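Worksheet for the structure shown next.
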Amino acid sequence: MSFDYDLIIIGAGVGGHGAALHASACGLKTAIVESDAMGGTCVNRGCIPSKALLAASGRVRELRAREHLKALGIELGSVTYDRSLIASHASNLVSKLRGDLTNSLKRLGVSILQGKGKLAGEQAVTVDGKKYTARDVIIATGSQPFVPKGIEIDRKTVFTSDDGVKLDWVPDWIAIIGSGYIGLEFSDIYTALGAEVTMIEALDQLMPGFDPDIAKLAERVLIKPRDIETYVGKLAKKVTPARNGQPVIIELADAKTKETVDILEVDACLVATGRVPLTEDLGWETVGISPNQRGFIEVDDRMATAVPHLWAIGDATGKMMLAHAASAQGIVAVENICGRKAEVDYNSIPAAAFTHPEIGFVGMTEPQAKQKADQEGFSIATTKSYFKGNSKAIAEGETDGMAKIIFRQDTGELLGVHIFGLHASDLIHEASGAIARRESIYKLAHNVHAHPTLSEVLDEAYKRAAHVH
């Protein structure tokens, strides 16, 4: 049977783009389908514009930190900013990267099919009703912000990260629902630009996805000294946007009893309560499978679905909702399509929060490692080292932070690394490579790091671990 394409990818986000580039390099005739803006969430509404806002607002924070600058012998007058120019910095970057992404696909001969892609039986896709056939199909449709029941969005005074990255205004007082990395990053942006923040977390502790020691230290550095009040174990049961001169009204309830405990009146509210997959209305009935109850597409470690020649990657699978994880999954799917066995090693995929200072982590948290150790019958140990003892951090006057490593006591195998501090998002990659190679702390302790560099924070942690155990 002859096909129109070797591979059709539905969704041109970072995952779909990565898969298309790799497929092209492997000689597959490839088409990519996109119903919205090229680049998906990451380029248009996520990682890219938010990093631009964090870079600009972070500079404002640094230049207004009078005591810190004075310690370095620097004195400045008052520091002001232009909100519209900061917003333009983000939107200009989005336009540039979207153009770069589109051009890279065109340059490699990947067909871009603009329109709504749907499955049309095995090895077939329709784009706005027009049918195309392909030997293999990858679904890379991504996700969108989750808005809980009772929260009314008007996209001006109550909004998700999709609108937050536009920075249309800086409210005097903004509530942020959720203390994951999106909530944390926006609290960093808004407080740097002079807003007061109220952070609302439904679980019993702030930053529940992070290692507990990192969350504790991050709270001390990123939240307590700043204009942020926090509520934990509280649900935003009802949120009503500002209208007719009224403020945004938030009805807070106890997360366990669901009883109303407080009413907040604020200028704006950012809803950062996670993301849900975009997997509806994709023509599932034509292939005989459907997403699971939570809307995710079930795949194995090769990214294959239960239907031959149908694959899925990225946020739509719910495996690890990160742009670079989607890209890695895309490469793995294409490798398997080409008959080369490959699997995703999720344990070695790093993640980061681009707060000031940053958080970088890879592998397991301590509670996750303990659970695995109990199940498999081994013991774990942890070691910490601190930025306050690092020469480069001292020279920069940026000594808040620590590195924490988690490892097996018997073999020394590295299981997890968590860094909070200056440039943590870059430092974490050394650890990610070590975990990918299943290296032990005894070997890592002999690695040589340039002096004086921030990387010596990890060097110190490895050496401490090897000497103590």
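Results, tabulated for the structure shown:
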item	result
Amide N proximity, region 334-352 versus D300 label position 7 Å along Cα-to-Cβ, cut-off under 14 Å	336-337, 339-344
Charge dipole of the chain about the Cα centre (unit charges at C-beta), most positive-ward option of S78, A120, I428	A120
Net dipole in debye of region 158-273 [+1 Lys, Arg Cβ; -1 Asp, Glu Cβ; about Cα centre; nearest 20]	200
Value of [θ]222 nm, deg cm²/dmol, for the chain, DSSP H segments ≥ 4, -39500 (n - 2.57) each, nearest 500	-10000 deg cm²/dmol
FRET E, pair I112, D213, Förster distance 41 Å, beta-carbon r, rounded to 0.05	0.35
Whole-angstrom Cα spans of the chain along principal axes, big to small	72, 65, 48
Those residues of region 135-154 whose amide nitrogen sits under 16 Å from the label point placed on R340, 7 Å along Cα→Cβ	none
Unit charges on C-beta of K, R, D, E only; dipole of the chain, Debye	640
Estimated FRET transfer efficiency when R0 is 35 angstrom, pair E152-E259 (beta carbons, to 0.05)	0.95
Descending principal axes extents, region 260-301, alpha-carbon based, whole Å	49, 23, 20
Student exercise, region 348-468 dipole from Lys, Arg, Asp, Glu Cβ charges, in Debye to nearest 20	260
FRET efficiency for Q409 and R226, using Cβ-Cβ distance with R0 set to 35 Å, rounded to 0.05	0.35
Inverse mean reciprocal Cα-Cα distance (Kirkwood Rh) of region 158-273, Å	14.2
Normalised contact order of region 158-273, rounded percent, pairs of Cα under 8 Å and 6 or more residues apart	33
Residue (of V417, G389, L93) at the positive-pole extreme of the chain, dipole from beta-carbon charges	L93
Added length on full extension, which subtracts the Cα-Cα distance from 0.36 nm per residue, E280 to Q375	30.5 nm
Gap separating the Cα centres of region 312-357 and region 11-82, nearest whole Å	19
Rg over Rh [alpha-carbon atoms, Kirkwood Rh] for region 348-468	0.96
Across K149/K404; K216/K238; K29/K166; K319/K463; K166/K370; K118/K256, pairs whose alpha-carbon gap is larger than 31 Å	K149/K404; K29/K166; K319/K463; K166/K370; K118/K256
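Values in this text are rule-based calculations from the coordinates and carry no lab data. Predicted model, so just to flag it, every value in this text is computed and none were measured. When we count neighbours, we look across all protein chains shown, and the Cβ atoms used for this are built from the backbone with ideal geometry, even at glycine.
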